[in-house]
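Single-structure report; data block below.
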Amino acid sequence: MNELTERQKIILSLVIHEYSTTATPVGSQALVARYNLDMSSATVRNELATLTEWGLLRQPHTSAGRVPTEEGYRYFVSRLTRAAELPDTTRRTISHQFYQMRNDVEQWVRLAASVLAYQSRAASLVTPPHPEHSRLKHIELIGTRGRQVLVVMVMIGGEVRQRLQSLPEPVSQEQLSQSSERLTQLFQGADVNEIRARMAQLQGLDEDVAAWMIDDMLQADASQAGEVFIDGLTNVIGEPEFTGSDEARRSLRILEERSLLQDLVARTSAGNTQGGVQVLIGGEGTWDELRQWSLVLGSYGMPGLATGTLGVLGPLRLSYSRAISTVRFLSGLLSDLMEETILEETS
């Protein structure tokens, strides 16, 4: 990549800003007039030609202005986007909303998706926190009918696991409740290995239930967070890129089916980074369905215990600065909330 002069950096930034607002090719005269540039249209036109030659801009038609390329957006994000913060009043308002629903992880996730969509004016995605190693908070055994028992395990971090099991013989609800209490006291905060190490202390019903717990927790540890909460798709459906393109409409349908996003969330180690936030532009050569999309992704939670993903997705001309600052703030806020909750649960 050629090193841009300060003037070229300014012009590239203005083209991206103007195109993100208008979604129409940007010409030299429009830049000079709108931004009162201290240079002639001819000078700007020459710089636009140079940026086009270097692959940062393209010209859809011979007589048209320029639009940013994927490489242009990548250069802008990695070198020209400043680390901005949300206004203090906005941060206080968002924080107040979250603290009103303290310790309700599902409500946090839904609110985060709503806030991200509103602040970025794009679409949002959030996955619930998923434990890297499941640790038990408490267990409940509920008799249903005959010899069937509903096993409900609540993990530290908020994940709930349920399964139906059959007992060798009927057991009263009182016995089930007593077993639940004993196992919760013995295994609270324990992972699979710690439960296994204490299995020798158990017998009868308690031993059977502990074996179910180990099996379920192993499945939980092997799986990736599957659910993805999405909000704000209506913010992007009306954008020009997605109203006149069959390819874009197909990608919208794929996003609504969730499978692409689940794969994306599971493989977000690639991509540009900006202040701890990952920026994926045009699918980064991996996700062909996202060629007309940009995503700004961040993680939240407590590494080693439970983590989730949150992000903003929209057209390539997404407002990157706003999206990055919103994702970064919510990532920190949710991490703080989870840390407080987990510390309370384990203290």
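The numbers here are math on the coordinates, done by the rules we state, and not lab data. Worth saying up front: this structure is predicted, and the values here are computed from it rather than measured. Ideal geometry is used to build each Cβ from the backbone, glycine not excepted, and the neighbour counts take in all protein chains shown.
About the Cα centre of the chain, what is the dipole size in debye to 20, counting +1 per Lys and Arg Cβ and -1 per Asp and Glu Cβ, all else neutral?
Its charge dipole is roughly 1160 debye.
Mind checking the angle between helix 6-22 and the chain's longest principal axis? C-alpha axes, 0 to 90 degrees, to the nearest 10.
70 degrees
Give the dimensionless ratio obtained when the Cα radius of gyration of the stretch 6-80 is divided by 2.2 N^0.38 Å.
Cα-based Rg divided by the globular estimate yields 0.97.
R0 = 41 Å: FRET efficiency of R58 with S114, Cβ-based, nearest 0.05?
That pair, R58 with S114, gives E of 0.70.
Whose amide H sits under 5 Å from the amide H of S294, counting only residues 5 or more places off or on another chain, with H placed in the peptide plane?
G282, G314, L316
What ranking do 13-26, 136-149 get when scored by the average of other Cβ atoms within 10 Å per residue, highest first?
With the highest mean Cβ count within 10 Å placed first, the list reads 13-26, 136-149.
Where Lys and Arg each count +1 and Asp and Glu each count -1, what net charge lies around V32 among other residues with Cβ under 10 Å from its Cβ?
Net of charged neighbours comes to +1.
Nearest 0.05, what FRET efficiency do T5 and D38 give at R0 = 22 Å with Cβ-Cβ as r?
Step by step, r from the Cβ atoms, then E = 0.90.
Given the Cα atoms of the stretch 158-248, and with Rh set as the inverse mean 1/r over their pairs in the Kirkwood sense, what is Rg to Rh to two decimals?
Rounded to two decimals, Rg/Rh equals 1.31.
Can you give the helix-only mean residue ellipticity at 222 nm for the chain, where every DSSP H stretch with n ≥ 4 adds -39500 (n - 2.57) and the sum goes over all residues, rounded to the nearest 500 deg cm²/dmol?
Values: 14 runs with 169 residues, N = 347.
Mean residue ellipticity, 222 nm, calculated: -15000 deg cm²/dmol.
If you take the beta carbon distance between T234 and S172 as r and set R0 to 51 Å, what does 1/(1 + (r/R0)^6) give as a FRET efficiency, to the nearest 0.05?
For R0 = 51 Å, the calculated efficiency reads 0.45.
Defining a contact as two alpha carbons under 8 Å apart and six or more residues distant in sequence, what relative contact order in percent does the chain show?
Worked out over the chain, it gives 20 percent.
Per the Cauchy relation, a quarter of the hull surface: what is the mean projected area of the convex hull of the alpha carbons in the chain, in nm²?
Averaged projected area of the chain's Cα convex hull equals 21.5 nm².
I need to check one value: relative contact order of the stretch 129-209, counting alpha carbon pairs closer than 8 Å and at least 6 residues apart, in percent.
Relative contact order here is 31 percent.
Contour minus end-to-end for R92 and T243, with contour as 0.36 nm per residue of separation and end-to-end as the Cα-Cα distance? If you can, show how the numbers build up before the last one.
Details: separation 151, 0.36 × 151 = 54.36 nm, distance 3.61 nm.
Answer, rounded to one decimal: 50.7 nm.
Going by how many other beta carbons lie within 10 Å of each one, how would you line up H130, H61, fewest first? Display every interim value, and only then the final one.
Working: H130 22, H61 7.
Ordered by Cβ neighbours within 10 Å, fewest first: H61, H130.
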